[in-house]
Amino acid sequence: MKRYLAFIGFVLFNFINGCSKKQLPKDPPNILFIMSDDHAYQAISAYDDKLIQTPNIDRIANEGMLFTNACVTNSICAPSRATILTGKHTHLNGKIDNRMPFDTAQVTFPQLFQKAGYETAMYGKLHFGNNPKGVDDFMILPGQGNYINPTFITPKGDTTFTGYVTDLITDLTIEWLDKKRDKSKPFMMMYLHKAPHRPWWPRPDKFEEFLDKEFPEPETLFDNYENRGTAAKTAEMNLLKHMMYSHDSKVKPETVDEMGNVVPVVEEFPNSFYGPYGRANDEQKALYEPLLKRINDDFKNNWPSMSDKEKMKWKYQRYMQDYLACISSVDDNVGRVLNYLDENGLAENTIVVYTSDQGFYLGEHGWFDKRFIYNESFKTPLLIRWPNVIDKGTTNDEMVQNLDFAQTFLEAAGITAPNDMQGESLIPLLLGNNSEWTRDAVYYHYYEYPAVHMVKRHYGIVTKEFKLVHFYYDVDEWELYDRMNDKLEVKNVYDDPKYSEIVKELKNKLAELRIKYKDSEELDKKFIDLTGKK
Ligand code: SGN
Ligand code: CA
């Protein structure tokens, strides 16, 4: 009898489970992939509303899913993009750093969409040095691109527009959605912002709005890198020491002349201030002038008497004002595109993804920039909306990576992914079938060293509980962080005997991951030979 009841229970369980399991829609969905450049999750209110409100980006999570443990495989721009496009770690797709060329002979997911009958396009920042393949249309910025009056590379040649880059990329994207694409086909559009990349140059009205704001400081702004290894101590991305007064904080170089020797650093970057500003026309300059004057006056009056601590605080506020003003434009423009989808009956059958090419330090550990496996740069925002598939307002804390995007999109569209892609489709998570997700650790490998910001080469394994890292090249140092008990990542416990078993276990797992993902000491050496000298 007992066995009989157990059997009935089993049948019932499977029946209920089978009924409640959601299916993917039959029609191939459109895909709108939105990615910004260097957008920290700390600056999205769906994650954290201490710094800024981003109601439009938040909408994607409110109507879909927010991933709280999404991360990248290599926290830097072009390598992240190469991973997204190929579904492979950077040691396999070859774009290990911003300088290595991207091998265009390899398969990227837009090519597979195009072949399967999708209408495809890429607008905005790519940062590859070559044009995208597999897209029916593209308008991309050359290299890093420009904030003001940017030039775009298109299949028909270069074209320059007057205006602010975030608005322009959006205008062009909406124009493509509205007028240029073949509406008989589903679309896959990559809408890629340049903002909020350094030097964090806002549109004049946002610049003015944010100039009056004051932001809370992160707990580790004055980190002294105690209990960390050499890499954290030697990185060159400290606000006080490495952020530039003119290029970054927008103090005009003339101020320096007026003030004699008082202002350091500026000499290192004599023309940099004129990057975005130098491209502005007279009308645009007239809008920026009074704002720059306010910054200068404040600087002139206060800087000479400031202590180092006060300078750090001043630079932090200036940094946040500009960075967040750039984000505010991104958020407004994401709202414009979401509205377009709503107004044109496209919202129901379009997967909308919002992410960044990596995270960013907003003063945590005293830093700006990215590159490290430490949380703020390793993690990246990820919000996905897909009506009728994803339950509204859901959160997921699995360790997902930018490596997974290609396979996710391919499965969503019913296209078979090539066997050599290395990610996992996120579809089970989107459907809420979390028990089908088996990954419990991710692999990370950063290479760009020696280079700007001087973050040493490192690779590591990250689980929800721990982070084990090996720094190499000109050091041989290991670090272990207890993610549950040291949220700020300020204590390397690698040498603490309490953790010796964990270290052993994680080292084995890391070795397995290196094999699984086809990384090796031979490859490390090969890349050092190719890129190891400054
Ligand atoms: C530029 C920036 C760096 C930044 C790299 C890479 N300096 O060199 O701060 O780390 O780009 O950024 S700047 O003086 O030109 O602003 S990435 O996003 O393209 O990888
Ligand atoms: Ca970037």
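The values are calculated or read from the model by the stated rules, or taken from the named source; none is laboratory data. Since we're looking at a predicted model, the values are computed, not measured. Note that each Cβ is placed from the backbone with ideal geometry, even for glycine, and that neighbours are counted across all protein chains shown. Accessible surface is based on the protein model in full, side chains and every heavy atom, while ligands, DNA and RNA are left aside. Shrake-Rupley method; radii C 1.70, N 1.55, O 1.52, S 1.80 Å.
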Result for segment 381-534: accessible area per residue, probe 1.4 angstrom, in square angstrom, of 44
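Can you tell me the FRET efficiency between ASP495 and LYS22 if r is taken as the Cβ-Cβ distance and R0 is 41 Å, rounded to the nearest 0.05?
0.30
Rounded to the nearest 5, what % of the DSSP beta bridges within the chain are antiparallel ones?
Working: 30 of 57 bridges.
Rounded to the nearest five, the antiparallel share is 55 percent.
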Length gained when the stretch GLU436-LYS50 is fully extended (0.36 nm per residue, less Cα-Cα span):
135.5 nm
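Can you tell me how much longer the chain between GLU348 and GLU477 gets when fully stretched, taken as 0.36 nm per residue apart minus their C-alpha distance, in nm with one decimal? List each step's numbers first, then the result.
Values: separation 129, 0.36 × 129 = 46.44 nm, distance 5.02 nm.
Contour length minus the Cα-Cα distance gives 41.4 nm.
If you take the beta carbon distance between ASN302 and LYS241 as r and set R0 to 25 Å, what does 1/(1 + (r/R0)^6) give as a FRET efficiency, to the nearest 0.05? Could you put the intermediate results ahead of the total?
Details: r = 19 Å, r/R0 = 0.77.
Once the sixth-power term is evaluated, E becomes 0.85.
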Just to confirm my numbers, what's the Cα centroid distance between segment 175-213 and segment 26-96 in Å?
15
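Rounded to the nearest 0.05, what FRET efficiency is calculated for GLU465 and ASP167 with R0 set to 41 Å and r the Cβ-Cβ distance?
Working: r = 43 Å, r/R0 = 1.05.
Result of the calculation: an efficiency of 0.40.
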Separation in nanometres of the label points that stand 7 Å from Cα toward Cβ, at LYS293 and ASN62
4.0
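Rounded to the nearest percent, how much of the accessible area of segment 445-531 (1.4 Å probe, protein heavy atoms only) is carbon and sulfur? Mind showing how you got there, number by number?
Values: 2330 of 4250 Å².
Carbon and sulfur: 55 percent of the exposed surface of segment 445-531.
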How large is the dipole of segment 445-531 about the Cα centre if only Lys and Arg carry +1 and Asp and Glu carry -1, each at its Cβ, rounded to the nearest 20 debye?
340
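Cα gyration tensor of segment 72-196, axes a ≥ b ≥ c as square roots of the eigenvalues: rounded (a/c below 1.5), prolate (a/b > b/c) or oblate? Write out the running numbers ahead of the final one.
On the way: a/c = 2.00, a/b = 1.17, b/c = 1.71.
It is oblate, given that a/c is not under 1.5 and a/b is not larger than b/c.
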For segment 342-378 and segment 424-499, write down the distance between their C-alpha centroids in whole Å.
18
For the chain, the percent of all C-alpha pairs falling in each 20 Å bin, from 0 up to the bin holding the max distance, is 21, 55, 22, 2, 0
Quick one: length gained pulling GLU214 to ASN419 fully straight, 0.36 nm per residue minus the C-alpha distance?
68.8 nm
May I ask for the net charge around ASN56, where only other residues with Cβ less than 9 Å from the Cβ of ASN56 are counted and Lys, Arg are +1 while Asp, Glu are -1?
-1
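Quote the charge dipole size of the chain about the Cα centre in Debye, to the nearest 20; the model charges only the Cβ of Lys and Arg (+1) and of Asp and Glu (-1).
Values: 65 positive and 79 negative charges, 259 e Å.
With only Lys, Arg, Asp and Glu charged at Cβ, the dipole is about 1240 debye.
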At a 10 angstrom cut-off on C-beta neighbours, averaged per residue, how do the peptides 337-345, 32-40 rank from highest to lowest?
32-40, 337-345
